[in-house]
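Novice: What follows is a single structure, and I will ask about it in a moment.
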Amino acid sequence: MVKILGICGSPRRKSSYTALSAALKEAEAQGDVQTELVELRARKMQPCVHCNKCLRDESDRCTVFTDDMTELYDKFYEADGIIIASPVYEMSVTAQLSTFFSRFRSAWMISVKDPYFFTKKVGAAIAVGGTRNGGQEFTLQTIVNFYNTQGMTICNGGSGVYSGAALWSPGDGSQTMEDEIGMENAGNLGKKMAVMTKIMKYTDVI
């Protein structure tokens, strides 16, 4: 069985949560897939100060701050696939998600000890904007860049959904998600993630 971890970077349980839930539901529907959804909202996390103490300590997690990020390291490292969803804030990811990303300086130690550890992990992205063209592409690319930094394998949504699923939820995101095409793309992304994680986990090449 493969494990797919969903990370919702929104400070609210609104549109991004809805889209991510749909993706994880479709992933599970493919069989042999276990999913978990983690929210960053209300978590107290300090941003990385780039002191490099984690590297000096040869640790795969921050050794300076013990906060709500600490438990997320194991969830991330143990997952075969990661789907990260974020609303668009100022044409990029949320502050919560940016903080989460920054705390992976320590992941470098894993790559040093096992260069292929992250290669077999698959990452996918979901972004929800308040307007039709509200910065979704840049937000998706920010998430993909995080995966690339770790050396992970990227999963797009298929033809026409190049960087990940981009959705539109007019206004402040508190209304019912009515972007049928966007939700369909989120579901298809989940299906493809199920396939990709199985390929990467069960193919004995590296």
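The values are calculated or read from the model by the stated rules, or taken from the named source; none is laboratory data. Treat the numbers as computed from the prediction; the structure is a model and nothing was measured. For neighbour counting, all protein chains shown are included, and Cβ atoms are generated from backbone atoms with ideal geometry for every residue, glycine included. Remember, those area values only see protein heavy atoms, side chains included, never the ligands or the DNA or RNA. Shrake-Rupley method; radii C 1.70, N 1.55, O 1.52, S 1.80 Å.
Novice: Identify the residue in segment 68-101 that is exposed (fewer than 15 other Cβ atoms within 10 Å of the Cβ), outside any helix (DSSP H, G or I) and among the charged types (D, E, K, R) and, among all such residues, is farthest from the chain's Cα centre (by Cα).
Specialist: The residue in question is E90.
Novice: Specify which of the listed residues (S21, S15) is open to solvent by less than 50 Å² (accessible area, probe 1.4 Å), more than 15 Å from the chain's Cα centre (by Cα) and polar (S, T, N, Q). It would help to see each step written out before you state the result.
Specialist: Numbers: S21 fails: more than 15 Å from the chain's Cα centre (by Cα).
So the residue among S21, S15 that is open to solvent by less than 50 Å² (accessible area, probe 1.4 Å), more than 15 Å from the chain's Cα centre (by Cα) and polar (S, T, N, Q) is S15.
Novice: While we're on this one: If you scan segment 169-193, which residues turn out to be touching a residue at least 40 places away in the same chain (Cβ under 8 Å), over 17 Å from N133 (Cα atoms), assigned to a helix (DSSP H, G or I) and not hydrophobic (A, V, I, L, M, F, W, C)?
Specialist: G187, N188, G190, K191, K192
Novice: I've got another one for you. If we keep just the residues of segment 141-167 that are open to solvent by 70 Å² or more (accessible area, probe 1.4 Å) and modelled with pLDDT of 95 or more, which is farthest from R103 (Cα to Cα)?
Specialist: So the first thing to find is which residues in segment 141-167 are open to solvent by 70 Å² or more (accessible area, probe 1.4 Å), and the list is 141, 145, 148-149, 159, 162.
Remaining after also requiring modelled with pLDDT of 95 or more: 141, 145, 148-149.
On the way: Q141: 19, N145: 15, N148: 15, T149: 12 Å.
Top of the filtered list is Q141.
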